[in-house]
Amino acid sequence: MLNVNKKLVLKVIKMLSVKEAQEKILNLALNINIKKVPVSDSLGLILAEDIISEDNIPAYDNSAMDGYAVKAQDTSGADKDHPVELNLSEEELSAGKVPIENLKPGFAMPIMTGAPLPQGCNCVVMKENTQKEGRKILIFKECAIGENIRYKGEDIKKGDKVLKKNRLIYPGDIGVMASIGKSKVLVFYPPLIGIITTGNELLEINRKLSQGKVRDSNSYSLAAQIKEVGALYRKYGIVKDDREILKKKIIQALDECDILLLTGGVSVGEYDFVKEVLGSIGAQLIFWGVNQKPGKPLAFLTYKDKFIFGLPGNPVSVMVCFEMYVRPLIRKMMGQNMLFRNSIYAKASHNFEHKEGRTDFTRVIIEKKDDRYFFKSTGMQGSGILTSMSEADGIAVFPEDKADIKTGDILQIYLIKKFSSSSQ
Ligand code: AMP
Ligand code: MG
């Protein structure tokens, strides 16, 4: 058993405003994890290098159509009623084949899409504008120099910077990198985030509820939020409110992860040991308590180069604190520059009660009427009403310096879903 008094090194410090708490987190120096990954695993990550092509793409002049490689001058005057007649070459050019013969004047050489052009050819007649008659080819349309030819390097030139460092990688970028033979690519690698849920009352997902027990939903909501932001997670299970077990799990998780999320046990209850145990292993308390609802007892600590969030146990507080504090930090570690969710300004559809002097994060439904956005409450706003998170399109910020919200007041709403007025 630990000596509680001796280990009680964490002091309660002044409650911060939301902005102060966010600044404390986001202003800390970060260990950015830059790693080489297979190009197929780089989707949605931020590029950590400039991508320069060592090849011309295409690498050679080639045909954009199935048809005949010809000399433009040999097709002059051809039209539907006056076709030009050319001789069929012996050689046929399919994709992947290297031409052996030069194209002779008065000849048409069959060529498929992507096949390299033979010497002497300066245009390709589409098959649709030709007719084969024995060893003769009738051309029904004049062909201009360069028609249906894809020139060497017309997409990418050798030495071109095709993608710039710090950009978000989209599917098209992956295709481009594959085309220039970039099999591995440097990216801002997503942090690994450990999840520990604490509480003697917690049950695994497949257990039947009984008096005094609740299923552990927090580890599921958090895992989903981490997945949504594109980071990695590792669950360390449900831990009883027991200092020794908690300490062991915390040490293991801090050894393995970049960020540790704990839920429950950070308030002022008799069994709220999280901060105390973190203090006993030498974690530095950056803050405890934010002037907000939900999520007032939020604790943030550092341990060596790791970050620790002591999230309150209430399921809504957990998710809202993740949105407002954990998610921006993860995005920063992933090299993103937009750290916060997109937000809109919308009008209140009804009055809301709000205590001045504290920030409230109210879960709201957004409606669009005549090009204007309106928001209404999801209903009960208790920190245990988890359905408020599943119903919400966004989180409205009721600012510290404002009392009750009146119909028509305009507030900032962080969008937590891909909102569109026609959705659902
Ligand atoms: P605590 O912060 O530990 O006092 O917990 C606050 C409330 O959140 C209590 O009603 C807990 O039962 C509930 N709670 C704590 N952890 C979880 C969890 N992992 N999943 C769902 N509810 C939880
Ligand atoms: Mg608890």
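The values are calculated or read from the model by the stated rules, or taken from the named source; none is laboratory data. All values derive from a computational prediction rather than experimental measurement. Positions of Cβ are generated from backbone atoms using ideal geometry, with glycine treated the same way; all protein chains shown enter the neighbour counts.
Among the residues of segment 199-220, those that are within 16 Å of ligand 2 (Cβ to nearest atom), assigned to a loop (DSSP other than H, G, I, E, B) and polar (S, T, N, Q) comprise ASN200, SER217. Tallying residues that are crowded, with 20+ Cβ neighbours inside 10 Å, part of a loop (DSSP other than H, G, I, E, B) and of a type outside the set (D, E, K, R) within segment 71-82 yields 1. For beta carbons closer than 6 Å, sequence separation of 6+ or different chains, a first residue in segment 201-230 that is in contact (Cβ under 8 Å) with a residue 24 or more places away in the chain and a second that is of a type in the set (A, V, I, L, M) and outside any loop (DSSP other than H, G, I, E, B), the qualifying pairs are LEU202/ILE238; ASN218/VAL318; SER219/ILE195; SER221/MET319; LEU222/ILE195; LEU222/LEU261; ILE226/ILE193; VAL229/ILE330.
Only one of the listed residues (ALA253, ALA223) is more than 19 Å from PRO315 (Cβ to Cβ), of a type in the set (A, V, I, L, M, F, W, C) and either within 14 Å of ligand 1 (Cβ to nearest atom) or outside the structural domain of LEU43 (by TED's automatic domain parsing) (or both). That residue is ALA253. For GLY172, the conditions (1) surrounded by fewer than 16 Cβ atoms within 10 Å (Cβ to Cβ); (2) of a type in the set (Gly, Ala, Ser); (3) touching a strand residue (DSSP E or B) at 6+ places or on another chain (Cβ under 9 Å); (4) at negative phi all hold with the exception of (3).
Report whether or not MET324 is aliphatic (A, V, I, L, M), at negative phi and more than 16 Å from ligand 1 (Cβ to nearest atom). In short, yes. Among residues of segment 252-272 being without any contact (Cβ under 8 Å) to a residue 60 or more places away in the chain and either in contact with a Pro (Cβ under 7 Å, 6 or more places away or on another chain) or farther than 12 Å from LYS304 by Cβ (or both), the one that is farthest from ligand 2 (Cβ to nearest atom) is GLN252. Of all residues in segment 337-392 being assigned to a loop (DSSP other than H, G, I, E, B) and hydrophobic (A, V, I, L, M, F, W, C), which is farthest from the chain's Cα centre (by Cα)? Across segment 337-392, the extreme among qualifying residues is MET380. Taken residue by residue, segment 180-194 has no member that is buried (at least 17 other Cβ atoms within 10 Å of the Cβ), within 16 Å of ligand 2 (Cβ to nearest atom), under 19 Å from the mean Cα position of the chain (by Cα) and of a type in the set (A, V, I, L, M).
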